[in-house]
Amino acid sequence: MKKIGLILGLLCFGLVAIVSCDKDDNKQVEVPAKEIKIGKDAVNVLVGETQVIDITDGNGGYKVKSSDENKAVVSIKGEKQIAVEGKSAGEVTLTITDSKQKSITIKVTVSDFLLSATEISIIAGKSDIVQISSGSGNYEVTSEDANIATAEIVSNEVKITAKNVGTTQVVVVDKKTNKKNSITVKVVNDLKMEKSELTVTNGDFEIINILGGDNANGNYEFENYGYSY
């Protein structure tokens, strides 16, 4: 009888242990929510360009909002990417949230394709530079009349060489966004005077003709280097 009682006791203990284990197995372990992490601290995007931001960590179920959709619009691409499209120049803040109500913000700067000048005058035979203030870095340039002026891209600059007197347009294209900017190039003769020396008596005057320069403009300045008139 003692043996039977011992066996029954062991069986009961085993059943209790099994039930207890089953209860432990049914318990759901709550995983702490993760902070959202992204692949960039800030984004610079051109007007007309789209850039992608990778979400490197988080809890899934992402949503994103732009503080100003007139400057930049955003959308979720796939499961862990954000597409940012530049609309107009300025700064916006993107707010990213996930299914665990975690959030993160990122600053986006939208730049337009800009040149430092849209009109220049160059003396025939000389060269001048127009800076590309902002753009993708991938450009091409053409002159509408290479007999008047030629143009080439040198780093982030447009080098324009004047050939003959006249006016033409130099067109710069950002190949990434296909945006265009034009430069009006006016080629003028070098400034020349009819005489390089002149002697006049006190109270008298003499006329010196200007033979070169931008005659259409006629905007000349004269300096007196310490001589008395």
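Just so you know, all these numbers are worked out from the coordinates, no wet-lab data involved. Just so we're clear, the structure is a prediction, and the values are computed from it rather than from any experiment. Please note: Cβ atoms are built from the backbone with ideal geometry, for glycine as well, and neighbour counts cover all protein chains shown.
A few comments on the model shown:
- Residue exposure proxy: 66, 136, 88, ordered by other Cβ atoms within 10 angstrom of their Cβ from fewest to most, comes out as 88, 136, 66.
- Shown here for segment 153-184: trypsin sites (Lys or Arg not before Pro) in loop regions (DSSP other than H, G, I, E, B) with at most 13 other Cβ atoms within 10 Å, namely 175.
- Nitroxide proxy distance, nm - points 7 Å out along Cα→Cβ at residue 165 and residue 77: 5.4
- Cα Rg, Dmax, segment 37-111, angstrom units: 11.4, 34
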